[in-house]
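Enquirer: One structure coming up, written as structure tokens, with questions to follow.
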Amino acid sequence: MTKPPYRVPSMAEVRAVPWNGFNAISTFSGCGGSSLGYRMAGLRMLWASEFIPAAADTYRANASEHTVLDTRDIRQVTAKDILDTVNLKAGEIDLMDGSPPCAAFSTSGKREAGWGVVKTYSDTRQRVDDLFFEFTRLLGDLQPRTFVAENVAGLVQGTAKGYFKEILAALRRPGYRVSAKLLDAQWLGVPQRRHRLIFVGVREDLAMVPAHPKPLTYRYTVRDAVGDLPGAFDDLQNDPETGQPLTLRGYSVEKLWHELRPGEGHKLRTSLKRLSWDQPCATIVARAGTAGTAAITHPDHPRYPTLAELRRLGGFPDDFVLTGNYYRRWERIGRAVPPVMMARIAETVRDELLVPLRDAGRI
């Protein structure tokens, strides 16, 4: 198959996608990356939940007119709250989405040392390793026809496997057939290497088998994604949107960057990953240029990507609104499921589960 040019639809084009008749709700919605993917696939997002104020600000700036955003702690939300808001009964929601915070299971973090501990997460202090069970609580009470849940690959690695088994059992307990697969965004139309564990479930009474998208036969590179942007090849000093510096901070970090070849990474105080024009982008992490985090940098110049470049590399529309300073906007993209990736997942659930059920008159 010939590789088509890399292009993410504009927000206006996404808003113009006709409704396919299926509804969805979203928990742990972040800035709306997953929600945008469902909208690209024609689903209508009726309700979303996001507790972090900065993320909720971005979600609100891009939300569909049909979406009600709930900013309470998910622990305070009941199924009745949701059903009353969307005017549906238990069992009538077509798809429930959720991306519980994954920092507790990431291989780049402290993992089990932080389990059961209240600690800093984005703009809050809270325990996050138990939040997947808030998703399963609502799942059991809402009984949606299908669900999609997402987490980091680290959930099935090392000591976290015990948590994975508990989560899988909890997802199946309310009466669901569940399949979990590691998917890589670079094979689903996103110019970024990003492994995510994707759970897909379908209610047992519907007698269907969960489905995951098949990988494409091609990948997009950094050049494919950002090569046509103004300033893409330049040594820009400041981000055009925020005016904040893009240059690497500290002589030792910049010196190290010059020693790296494009496509290489190295750990110092900060983990640097110098991008290559001819490869997909390395994983965009939540925090740029701080101790213990991986900062992606421009292939040719010792600078961070612009926000315009980050949107492209993260599978977001060029006109997706990001709020806050440069680093807050980077964080929103780093924590999000790439919309283009979620669109592929949503299309698969739509075409292989929901449409056949509707055509058979079973929903």
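Enquirer: Between [x] 17.4; [y] 21.9; [z] 19.5, which entry matches mean projected area of the Cα convex hull in nm² as derived from the coordinates of this structure?
Expert: Structure-derived value, by its label: [x].
Enquirer: Further question: Are there chymotrypsin sites (Phe, Trp or Tyr not before Pro) in the stretch 1-67 that DSSP puts in a loop and that have at most 12 other Cβ atoms within 10 Å, and which ones?
Expert: Passing sites in the stretch 1-67 are Trp19.
Enquirer: If you fit an axis through the alpha-carbon atoms of helix 339-349 and take the longest principal axis of the Cα set of the chain, what angle between them do you get, 0 to 90°, nearest 10?
Expert: 30 degrees
Enquirer: Over the C-alpha atoms of the stretch 222-335, what are the Rg and the largest Cα-to-Cα span, Dmax, in Å?
Expert: In order Rg, Dmax, the Cα atoms of the stretch 222-335 give 12.8, 35 Å.
Enquirer: Under 14 Å from the Cβ of Asp278, count the other residues' Cβ atoms, weight Lys and Arg +1, Asp and Glu -1, and hand me the total.
Expert: +3
Enquirer: Ok, one more. Can you compute the helix-only [θ] at 222 nm over the chain? Use -39500 (n - 2.57) per DSSP H run of at least 4 residues, normalise by all residues, nearest 500 deg cm²/dmol.
Expert: -7500 deg cm²/dmol
Enquirer: Between Lys161 and Arg177, what is 0.36 nm times their sequence separation minus the Cα-Cα distance? Round to one decimal in nm.
Expert: Additional length available on full extension: 3.8 nm.
Enquirer: Given the Cα-Cα distance of Arg75 and Asp318 and 0.36 nm per residue of separation, how much length would full extension add, in nm?
Expert: 84.1 nm
Enquirer: Please list, by residue number, every one of the GluC sites (Glu not before Pro) in the stretch 6-76 that is coil in DSSP and has at most 15 other beta-carbon atoms within 10 Å.
Expert: Loop-located and lightly packed - Glu65.
Enquirer: What's the magnitude of the charge dipole for the chain around its Cα centre, counting Lys and Arg as +1 and Asp and Glu as -1 at the beta-carbon? Answer in Debye, nearest 20.
Expert: Approximately 900 debye in magnitude.
Enquirer: May I ask you to list the trypsin sites (Lys or Arg not before Pro) in the stretch 295-363 that are in a DSSP loop and have at most 12 other Cβ atoms within 10 Å of their Cβ?
Expert: Arg362
Enquirer: Oh, and also: Sorted by mean Cβ packing within 10 Å, highest first, what order do the peptides 254-260, 30-36 take?
Expert: 30-36, 254-260
Enquirer: Hey, another quick one. In degrees between 0 and 90, to the nearest 10, how far off the longest principal axis of the chain does helix 326-335 point, with axes built from Cα atoms?
Expert: Helix 326-335 sits roughly 50 degrees off the main axis of the chain.
Enquirer: So for the pair Glu241, Glu92, with labels modelled 7 Å out along Cα→Cβ, what separation do we get in nm?
Expert: Placing both labels 7 Å along Cα→Cβ, they lie 3.8 nm apart.
Enquirer: Under a 5 Å amide H to amide H cut-off, with H placed in plane at 1.01 Å, what residues pair with Ser26 once short-range neighbours are removed?
Expert: For Ser26, whose amide H was placed from the backbone, the distant partners under 5 Å are Trp47, Ala48, Ser49, Asp97.
Enquirer: Okay, moving on. Go through Lys3/Lys273; Lys3/Lys181; Lys165/Lys214; Lys165/Lys273 and tell me which ones have a Cα-Cα distance over 31 Å in this structure.
Expert: Beyond 31 Å between Cα atoms: Lys165/Lys273.
Enquirer: Place the peptides 181-193, 226-238 in order of packing, highest mean first, counting for every residue the other Cβ atoms within 10 Å and averaging per peptide.
Expert: 181-193, 226-238
Enquirer: Could you run the Karplus curve 6.51 cos²θ - 1.76 cosθ + 1.60 with θ = phi - 60° over the stretch 140-147 and give me ³J(HN,Hα) per residue in whole Hz, x for Gly and Pro?
Expert: Karplus values, whole Hz, x for Gly and Pro: x, 7, 7, 6, x, 5, 9, 8.
Enquirer: Under 14 Å from the Cβ of Pro174, count the other residues' Cβ atoms, weight Lys and Arg +1, Asp and Glu -1, and hand me the total.
Expert: So the surrounding residues net to +2.
Enquirer: Quick check: pseudo-label points 7 Å beyond the Cα along Cα→Cβ at Asp359 and Ala207, how many nm apart are they?
Expert: 1.8 nm
Enquirer: Extension gain Ser64-His301, at 0.36 nm per residue separation less the Cα-Cα distance, in nm?
Expert: Net length gain for the segment: 81.5 nm.
Enquirer: Mind checking the angle between helix 53-62 and the chain's longest principal axis? C-alpha axes, 0 to 90 degrees, to the nearest 10.
Expert: Result, in degrees: 80.
Read-outs throughout are calculated quantities, based only on the coordinates presented, and are distinct from any laboratory measurement. Quick caveat: nothing in here was measured; it's all calculated off a predicted structure. As a convention, Cβ positions derive from the backbone with ideal geometry for all residues, glycine included, and neighbour counts pool all protein chains shown.
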